[in-house]
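Everything on this sheet refers to the single structure shown next.
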Amino acid sequence: NALHWLSRNLSTILLAFLLAVVVWVSAVLTSDPNEERIFSRSLTVVGQPTDLMQMNDLPTQVRVTVKAPRSILNRLNNNPALVQTWLDLSGFTSGSNQASVSVRVDDSPVRIMRIEPEQVEVVLEKQISRTLPVQLDIVGEPPIGYRKGTATATPDKVTITGSENLVSQVENIVARLD
């Protein structure tokens, strides 16, 4: 008998349940509505190969537009560490590379709507070191009452480190004494 009553009123029960869910969702959205907000965060570089050096300027800030309930947005605003942005250069090679900006939001529910910029050009060059002797260039004469002795450079060699292209252009190291 109860099973017969349930089968006759099943559509009414389902409709009542559906209406209850709609009313509940409406109440939640009214008390904590979804909004969009823009967060500006520092861009961090990770995974850069140690034998390569970055040759171009990268943006320092990323604008992240998120959509979430107002209470979540306020929490993200009060704790900047909850929204992080970075470039992962792992596996990149020498030359021009396109890197996607990664974003992590440590709260939910949050939908990332926009990332500006989404892509960044990263120019990497091989990093080398080279040791060169220090040459002295003595200009002029000492003041009256002083005499010129033998000048020596200490240290007599220096090591320069930089991109292969720039380091290879260095022909000598000169210390001028006046």
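The values are calculated or read from the model by the stated rules, or taken from the named source; none is laboratory data. All figures in this text were calculated on a predicted structure; none of them were measured in a lab. We place every Cβ from the backbone using ideal geometry, glycine too, and count neighbours over all the protein chains shown. Heavy atoms of the whole protein, side chains included, go into the accessibility calculation; ligands, DNA and RNA do not. Shrake-Rupley method; radii C 1.70, N 1.55, O 1.52, S 1.80 Å.
With a Förster radius of 35 Å applied to the C-beta separation of Ala27 and Ser102, the computed FRET efficiency comes to 0.45. For the range 38-43, backbone phi angles converted through the Karplus equation (6.51, -1.76, 1.60; θ = phi - 60°) give residue-by-residue couplings of 9, 10, 9, 10, 5, 8 Hz, Gly and Pro being listed as x. Each Cα pair under 8 Å and six or more residues apart adds its sequence gap; the mean of these over the residue count of the chain is a relative contact order of 20 percent. Think of a 1.4 Å ball rolled over the protein heavy atoms: the chain then has 70 Å² of accessible area per residue.
Taking all protein chains together and a 1.4 Å probe, the residues Leu10, Leu136, Leu52 rank Leu10, Leu136, Leu52 from largest to smallest accessible area. Given a 1.4 Å probe and the protein chains as shown, Thr161 ends up with an accessible area of around 80 Å². Atom-type composition of the exposed protein surface of the chain places 54 percent of the accessible area on carbon and sulfur (1.4 angstrom probe). Neighbours of Phe92, meaning other residues whose beta-carbon lies under 15 angstrom from its beta-carbon, give a summed charge of -3 when Lys and Arg score +1 and Asp and Glu score -1.
In terms of accessible area, using a 1.4 Å probe and ignoring ligands and nucleic acids, Phe92, Phe39, Phe17 rank largest first as Phe17, Phe92, Phe39. In the range 79-136, a dipole from Cβ-located charges (positive for Lys and Arg, negative for Asp and Glu) runs towards its positive end, and of Trp86, Val122, Gln135 it is Gln135 whose Cα lies farthest in that direction.
For Glu141, the solvent-accessible surface computed with a 1.4 Å probe is close to 140 Å², ligands and nucleic acids excluded. For the pair Ser40 and Asn172 in one chain, pulling the backbone fully straight at 0.36 nm per residue adds 43.0 nm over the alpha carbon distance.
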